[in-house]
Amino acid sequence: MSDLSKIAKNLRAFQMAINAHDRENPTHDAYGIGLSAFDMDRLGLEEGETILPGITIHCDGGTSGNFRVLCDGDHDEELEEAEEEVVDAVAVRAGTADAGRGSREVPPPDEW
């Protein structure tokens, strides 16, 4: 078993994250916490273990030191909408610049 202070700090962080998720996404129900396999071993937790009422631990292959709130909602809808928006970038190529005493040609950026 891991140090109890580590478990207590993580449980507090899990509960805060679940509360924030539920507040921001009232139509989604959180069911678990996703941890990396390394963090699960380090904390002494097992796959499917209930850590909070209705919340279980799941190995999700994420990076160590991070966790995810797992829910039944689709959060990728927002990402898909953002990808559909196309932003056109306009590039201006420098031609000549007037320095007051005449002009000189500015080389294109690939020659800098």
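Can you go through 19, 66 and tell me which one is within 16 Å of the chain's Cα centre (by Cα), modelled with pLDDT of 85 or more and loosely packed, with under 14 Cβ neighbours inside 10 Å?
That would be 66, the only listed residue that is within 16 Å of the chain's Cα centre (by Cα), modelled with pLDDT of 85 or more and loosely packed, with under 14 Cβ neighbours inside 10 Å.
Can you pull out every residue in segment 23-59 that is assigned to a helix (DSSP H, G or I) and either more than 18 Å from the chain's Cα centre (by Cα) or exposed (fewer than 15 other Cβ atoms within 10 Å of the Cβ) (or both)?
Once the filter is applied, which keeps residues that are assigned to a helix (DSSP H, G or I) and either more than 18 Å from the chain's Cα centre (by Cα) or exposed (fewer than 15 other Cβ atoms within 10 Å of the Cβ) (or both), segment 23-59 yields 23, 24, 37, 38, 40, 41, 42, 43.
Does segment 40-48 include one or more residues that are out of contact with any Gly (no Cβ under 7 Å at 6 or more places or on another chain), modelled with pLDDT of 90 or more and more than 18 Å from residue 3 (Cα to Cα)?
Yes, segment 40-48 has at least one match.
The values are calculated or read from the model by the stated rules, or taken from the named source; none is laboratory data. None of the values given here were measured: they were computed from a predicted structure. Using ideal geometry, Cβ is built from the backbone for each residue, glycine included, and neighbour counts are taken over all protein chains shown.
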